[in-house]
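Visitor: Structure incoming, see below.
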Amino acid sequence: MNTVLSLFLFAAAIAYFEYRLRSINKDAEDDHKGAFDFFATKEELKQEIKRLMEKAGEDKTAMEERMASLEEKAFFAAENKRKAEAAKQQAPVEDADPSLIYFRWPSDDGTFADAQRLRAQSEETYYLFRLDESRTHAEFTFVTMSDTQLSKANNSSKKYIERACNFVGAKSTQYVCTPGKAHLERGRWMIDLKARIEYK
């Protein structure tokens, strides 16, 4: 951009200089007047070039400030969008169906405390229970909302998976879960049949 600006200023200076020379040749009546106009023109040319350079500097500074402002706005817009998407992903999704409940992970003995049931799925819940009409029996599946959540479970599978599920295949981010069965007894969901996770 500096090269283009320099060429533009040089061309403008030459054009102005030629214009002043033509004026001198046309209007000159004697050598003294012509010499005076020539030197006057030279000084005016210097002043004009200086003015153009100052104006170009001001324009360049204004353009740089404008670009910086646009870049800052674009950065904050992208950051706000990223935060909104992250918040949306983290926000619990409450299920309107009262027969659906969620649990984080089984206790050490492989049971789920009914008092810890949740009505919404989140990145902290790993099990979905579908209650029958009696609300004392249920089918349950292992469910995750993201690859990050699944990787966390895979890395600590004894805590998140093996207490309530059997699994086949090498752990990955793709899986299918066959439901297990459980029943409610004295405030705890007891597993009758473990769920089965098949990794793809």
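Visitor: Please specify each residue of region 151-173 satisfying the condition of being under 28 Å from S99 (Cβ atoms), touching a strand residue (DSSP E or B) at 6+ places or on another chain (Cβ under 9 Å) and not in a helix (DSSP H, G or I).
Guide: Selection gives I161, R163, A164, C165, N166, F167.
Visitor: Looking at the structure I just gave you, is A87 at pLDDT below 70, small (G, A, S) and part of a helix (DSSP H, G or I)?
Guide: Answer is yes for this residue.
Visitor: On to the next question. Filter region 100-119 for residues that are open to solvent by 20 Å² or more (accessible area, probe 1.4 Å) and out of contact with any Phe, Trp or Tyr (no Cβ under 7 Å at 6 or more places or on another chain); which is nearest to L184 (Cα to Cα)?
Guide: A115
Visitor: With the requirement that a residue be in contact (Cβ under 8 Å) with a residue 40 or more places away in the chain, under 35 Å from the mean Cα position of the chain (by Cα) and more than 13 Å from F140 (Cα to Cα), what does region 154-200 give you?
Guide: K159, Y160
Visitor: Does E133 satisfy being in contact with a helix residue (DSSP H, G or I) (Cβ under 9 Å, 6 or more places away or on another chain), open to solvent by 20 Å² or more (accessible area, probe 1.4 Å) and over 17 Å from R196 (Cβ atoms)?
Guide: Judged against the criteria, E133 is not a match.
Visitor: Answer yes if at least one residue in region 138-147 is within 32 Å of the chain's Cα centre (by Cα), in a helix (DSSP H, G or I) and at pLDDT below 95, and no otherwise.
Guide: Yes, the conditions are met somewhere in region 138-147.
The values are calculated or read from the model by the stated rules, or taken from the named source; none is laboratory data. Please read these numbers as outputs of a predicted model, since none were measured by experiment. Reconstructed Cβ throughout: ideal geometry from the backbone, glycine too, with neighbour counts over all protein chains shown. Remember, those area values only see protein heavy atoms, side chains included, never the ligands or the DNA or RNA. Shrake-Rupley method; radii C 1.70, N 1.55, O 1.52, S 1.80 Å.
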